[in-house]
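Below is one structure, written out as structure tokens, with a few remarks after it.
The values are calculated or read from the model by the stated rules, or taken from the named source; none is laboratory data. All values reported here derive from a predicted model rather than from experimental measurement. No Cβ is skipped: glycine too gets one built from the backbone with ideal geometry, and neighbour counts run over all protein chains shown. For accessibility, only protein heavy atoms count, side chains too; no ligands or nucleic acids. Shrake-Rupley method; radii C 1.70, N 1.55, O 1.52, S 1.80 Å.
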Amino acid sequence: AYFQQEVNYTIHVTLDDKAHTLTGDIAFEYINHSPDVLPEIWVHLWPNAFKNKRSAYCKQTLRQGSGKFYFAADSSLGRIKLLDFMANGSKIAWEYDKNNPDIARIQLAQPLQPGSRVTISTPFQVKVPASFSRLGHVGTSYQMTQWFPKPAVYDREGWHAMPYLNQ
């Protein structure tokens, strides 16, 4: 009854330490080891947790009594952009989750059958935020986690597409 999905990444990226951006492209091979047919893949775009003051991350920090992110200058915020997802080299439909700017749903042209694989690719650019959490920078000192598009966990309970949180 137990299965674990498999993801293999190829990432090419360049850091601009003056503009504090990462620019590159990613391809990830997603192998469906589940017994389920998957018509979609949910993807975490966690740099968008730092995009604006409406993210789950911002709301969490306010609940915990910190206004550091909420009152930060717009120039200190971060995001991921220039996304253009493809599956096996063909353009596909995708959309941001309506409640969370740091989650997206990729609609596969052909449902992914058990035992099958698909390669998802996209260019991307990340504006690295100031250091509020595990992704950020202080000058040219970088703390780099959760910076690239990656599929959410899928298990026997379904997709676990969750927004970025500090804990």
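Scan the range 17-42 for residues that are among the acidic types (D, E) and in contact with a Ser or Thr (Cβ under 7 Å, 6 or more places away or on another chain) and the total you get is 3. Does V37 satisfy the condition of being touching a residue at least 12 places away in the same chain (Cβ under 8 Å) and over 20 Å from the mean Cα position of the chain (by Cα)? Taking the combined requirement at face value, the residue satisfies it. The residues on offer are I92, I120, I103, and the sole one that is touching a residue at least 60 places away in the same chain (Cβ under 8 Å) and more than 21 Å from T23 (Cβ to Cβ) is I103. If the condition is being buried (at least 17 other Cβ atoms within 10 Å of the Cβ) and over 25 Å from P35 (Cα atoms), then the range 98-114 contributes N100, P101, D102.
Per-residue answers, yes or no, for (1) open to solvent by 50 Å² or more (accessible area, probe 1.4 Å); (2) more than 13 Å from the chain's Cα centre (by Cα); (3) at pLDDT below 95:
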site	(1), (2), (3)
V126	no, no, no
V138	yes, yes, no
V153	yes, no, no
G158	no, yes, no
